[in-house]
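Heads up, the thing below is written out as structure tokens.
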Amino acid sequence: METAVVERKVFDIDWYHRLLALMEGDDLNKRVTQLIHSLIVPIAAIGIFLMLWGAGAKNVETSLGVLPGPAKVWEQTVTLYGEHNAEKDKETAFYERMQAKAEKAREAGKPQAKIDKYLNRKYVGTATFVDQIGTSLLTVMSGFILASLIAIPIGIIVGMSNTLYQAFNPIIQIFKPVSPLAWLPLVTIVVSAVYVSEDPMFEKSFLNSALVVTLCCLWPTIVNTAVGVSGVSKDLINVSRVLKLSWLTKTMKIVLPSSVPMIFTGLRLSLGIGWMVLIAAEMLAQNPGLGKFVWDEFQNGSSNSLARIMVAVLAIGFIGFMLDRGMLMLQKNFSWDKSAVLR
Amino acid sequence: MNSYLKIDHVGITFPTDNGPLEVLKSVNLDIEQGEFVSLIGHSGCGKSTVLNIVAGLLQASTGGVILEEKEVDEPGPDRAVIFQNHSLMPWLSVYDNVRLAVDQVFKRSKSKAERDEWTRHNLELVHMSHALDRKPDEISGGMKQRVGIARALAMEPKVLLMDEPFGALDSLTRTHMQDSLMEIQTELNNTVIMITHDVDEAVLLSDRIVMMTNGPSATVGEILEIDLPRPRDRLALAENPQYNHYRAEVVRFLHERHEQPARVDVKPEETVTEEPLQKVKVAAKPESLRLVS
Ligand SMILES: Nc1ncnc2c1ncn2[C@@H]1O[C@H](COP(=O)(O)OP(=O)(O)OP(=O)(O)O)[C@@H](O)[C@H]1O
Ligand SMILES: [Mg+2]
């Protein structure tokens, strides 16, 4: 009863005046206005976009039927999620079955080897859409983290020494614009030649994708880290000279913290590039992941394919967006430069 | 030879695109322990360069700097520098900025607790104890400069070098900072070289004012002893004829060397006699005016 009364009040006839009062802006009111700006405006924009999409898509006739509108895409999203659940159910069922078989074998007094065989049997199902998302995320993060671990130290060293900068600069400039698709065949061949092991820890396909991501993620981080490091305020360097800080202390206490904002800018760029690169690499190399999903649907050419590809496109976009937001949050947390406008 | 800090025939030449540029030529200055010396001179004449040579951040091309009988050839915490733009680490709190210096300078000689105590003590000295955990971005320009001073004092330097420490501050804050500095100076009796553009500041704070000639090849032009009793009070001094005389001396020097670089020799008496009713512009600083009933 209480809440009902309160809600009535909000939708009073007086709401227009309230809104005006809100605009006037003491702190709470300001926040409400902000909320309107940060929530209502984007929601309205998305609504308009969906409407235009729905209206426009109807008019595009393709070999696979009419271009799907938002409703159709949503339907496929639900279907894909359903398929995923069904697959997971099948998987649990499989393992339960194997468990039961092992149990039975044990009761029948079969040798341990036989029992283990049941227990160790892996379920081989089809990778669902959700699985593919997981694979892609894992791959991109692995490649990105590896790249960052290499790129940040290189960036620091290159940024601190003019000579090394001169030495590295041409290499960086030449490799930076190389398309991931050019790296892919090289990486594939090198990996299959170098990475030979009886019991591989990683799938080769995973390595290929991750390394291509790494190769493309290196450059923005190196460049931005180096710029950040070389741009450390001369006054701060002078402070470190007056204090006679050792090289290591200087690096850890002054150079590194001072370049954190730039390092994060590089990392954010890298992750963005890495994500795009990964999808392309997966499509081209048929490595598991979202890219492969898109390619498979493209080859499939069923009536639902277009809608499913669109689901994937939206998922790719959304995940890319979330990755970027995640980096931004990290950046805001770690960066001392609170005055910088981060968006 | 036995002065505390000796700047001995220091000259410096920078290589530039238009050939070598001799910025300083034969700068000589002897400073006693506990003395407060101001460097004044027009922009670009080479004041910061002198200071940086004393700090060891720049190497003199000729001559050298001798501190306590030892030649200065590299920077070190015994010659603490306070930079114009405070140069605090923006990612460290007020406390941590000072602590960084304390940890470095007293790594071996003080225990952790003593270093903490010393950091707090120096921040107390500049009245910054209330903002230990704030970041430089969160405090005012005057407060930042206080922290910079605390950091420098915490190094227990033999010489304190200040490059226009209050140049970036508004005049009211600057007044407060000057008073604070005098207070600290009474307590600690540091040897100080301060660069300033402000004539009043120079006269108020210094024992001696070193006036530098215009560059290039700048050198010490005149040295003015400021023989005013301490502690000095700015309000009382405003009416002190001696103080005003010193002010006028410095202004005269700066005016002579800089407003008339071409040095047209006009004898003032002649102009006055020839045209007695000539209009004269009179300017007065508002803070020097006083209403009398
Ligand atoms: N590293 C350098 N290379 C070339 N010229 C320099 C260098 N450092 C300073 N100069 C020149 O030396 C002269 C004196 O510079 P300095 O910064 O010492 O002047 P200043 O008296 O401190 O001026 P201001 O009052 O504006 O701070 C200037 O003309 C400047 O261009
Ligand atoms: Mg200067």
Sole exception among (1) in contact with a Leu (Cβ under 6 Å, 6 or more places away or on another chain); (2) within 10 Å of chain A (Cβ to nearest Cβ) for B:V94, by number: (2)
Residue in region A:244-258 that is more than 13 Å from chain B (Cβ to nearest Cβ), closer than 30 Å to A:A312 by Cα and open to solvent by 40 Å² or more (accessible area, probe 1.4 Å) present: no
Region A:229-243, residues that are within 26 Å of A:G272 (Cβ to Cβ) and surrounded by fewer than 23 Cβ atoms within 10 Å (Cβ to Cβ): A:S230, A:G231, A:V232
From A:A86, A:A100, residue being open to solvent by less than 70 Å² (accessible area, probe 1.4 Å) and either farther than 29 Å from A:S302 by Cα or touching a Ser or Thr at 6+ places or on another chain (Cβ under 6 Å) (or both): A:A100
Single condition B:D78 does not satisfy, out of (1) more than 14 Å from every other protein chain (Cβ to nearest Cβ); (2) more than 16 Å from ligand 2 (Cβ to nearest atom): (1)
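Each row is one residue, and each column tells you yes or no for (1) open to solvent by less than 50 Å² (accessible area, probe 1.4 Å); (2) in a helix (DSSP H, G or I).
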residue: A:M141; (1), (2): no, yes
residue: A:F144; (1), (2): yes, yes
residue: A:A151; (1), (2): yes, yes
residue: A:M201; (1), (2): no, no
residue: A:V212; (1), (2): yes, yes
residue: A:V227; (1), (2): no, yes
Filter result for the condition that a residue is closer than 18 Å to A:F129 by Cα and at pLDDT 90 or above, over A:L236, A:L314: A:L314
Some residue of region B:180-190 being more than 16 Å from ligand 1 (Cβ to nearest atom), outside any loop (DSSP other than H, G, I, E, B) and buried (at least 22 other Cβ atoms within 10 Å of the Cβ): yes
Residue within region A:101-119 that is under 41 Å from the mean Cα position of the chain (by Cα), over 30 Å from A:G274 (Cα atoms) and not in a helix (DSSP H, G or I) present: no
B:H121 surrounded by fewer than 18 Cβ atoms within 10 Å (Cβ to Cβ) and at pLDDT below 90: no
Conditions (1) away from ligand 2 (no atom under 16 Å from the Cβ); (2) closer than 25 Å to B:P136 by Cα; (3) in the same structural domain as B:Q185 (by TED's automatic domain parsing): number failed by B:V105: (3)
Identity of the residue in region B:6-19, open to solvent by 10 Å² or more (accessible area, probe 1.4 Å), farther than 24 Å from B:P165 by Cβ and touching a residue at least 12 places away in the same chain (Cβ under 8 Å), that ends up nearest to ligand 2 (Cβ to nearest atom): B:T13
Residues of region A:120-139 satisfying the condition of being of a type in the set (F, W, Y) and in a loop (DSSP other than H, G, I, E, B): A:Y123
Residue match in region B:230-245 (condition: more than 12 Å from the chain's Cα centre (by Cα), assigned to a strand (DSSP E or B) and either over 18 Å from B:Y4 (Cβ atoms) or without any contact (Cβ under 8 Å) to a residue 24 or more places away in the chain (or both)): no
Restricting region B:208-228 to residues that are closer than 28 Å to B:L125 by Cβ and open to solvent by less than 40 Å² (accessible area, probe 1.4 Å), the residue that is farthest from the chain's Cα centre (by Cα): B:L228
Given (1) charged (D, E, K, R); (2) touching a Gly at 6+ places or on another chain (Cβ under 8 Å); (3) within 19 Å of A:G291 (Cβ to Cβ), number of the condition A:K90 does not satisfy: (3)
Counted residues, region B:122-169 - those being closer than 20 Å to B:D198 by Cβ, without any contact (Cβ under 8 Å) to a residue 40 or more places away in the chain and either within 16 Å of ligand 1 (Cβ to nearest atom) or within 14 Å of chain A (Cβ to nearest Cβ) (or both): 2
Residue within region A:145-165 that is farther than 23 Å from A:S259 by Cβ and touching a Leu at 6+ places or on another chain (Cβ under 7 Å) present: no
Every pair of residues 6+ apart whose Cβ atoms lie under 7 Å, when the first sits in region B:26-50 and is away from chain A (no Cβ under 14 Å) and among the charged types (D, E, K, R) while the second is within 16 Å of ligand 2 (Cβ to nearest atom) and assigned to a strand (DSSP E or B): B:K47/B:L39; B:K47/B:I195; B:K47/B:M212
Strands (runs of 3 or more DSSP E) contained entirely in region B:20-97, each with at least 2 residues that are buried (at least 20 other Cβ atoms within 10 Å of the Cβ) and within 16 Å of ligand 1 (Cβ to nearest atom): B:36-40, B:79-82
Where a residue in region A:165-191 is open to solvent by 60 Å² or more (accessible area, probe 1.4 Å) and its partner, wherever it lies, is of a type in the set (F, W, Y), with Cβ under 7 Å and at least six apart: A:F175/A:W219; A:K176/A:W219
Matching residues, region B:51-75, being within 13 Å of chain A (Cβ to nearest Cβ) and either away from ligand 2 (no atom under 16 Å from the Cβ) or charged (D, E, K, R) (or both): B:G56, B:Q59, B:V72, B:D73, B:E74, B:P75
Members of region A:307-338 that are touching a residue at least 24 places away in the same chain (Cβ under 8 Å) and within 14 Å of chain B (Cβ to nearest Cβ): A:Q331, A:F334, A:S335, A:W336, A:D337
Every residue from region A:300-323 that is under 16 Å from A:I279 (Cα atoms), open to solvent by 80 Å² or more (accessible area, probe 1.4 Å) and in contact with a helix residue (DSSP H, G or I) (Cβ under 9 Å, 6 or more places away or on another chain): A:V313, A:L314
Filtered residues of region B:101-121 (kept if within 12 Å of chain A (Cβ to nearest Cβ) and without any contact (Cβ under 8 Å) to a residue 12 or more places away in the chain): B:K107
Condition met for B:R263 (at positive phi and at pLDDT below 85): yes
Residue in region B:207-223 that is assigned to a helix (DSSP H, G or I), more than 15 Å from B:L237 (Cβ to Cβ), away from ligand 1 (no atom under 16 Å from the Cβ) and more than 14 Å from chain A (Cβ to nearest Cβ) present: no
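The values are calculated or read from the model by the stated rules, or taken from the named source; none is laboratory data. No experiment lies behind these values; they were computed from the predicted model shown. Cβ coordinates were reconstructed from backbone atoms using ideal geometry, including for glycine residues, and neighbour counts include every protein chain displayed. With ligands, DNA and RNA removed, areas are computed over all heavy atoms of the protein, side chains included. Shrake-Rupley method; radii C 1.70, N 1.55, O 1.52, S 1.80 Å.
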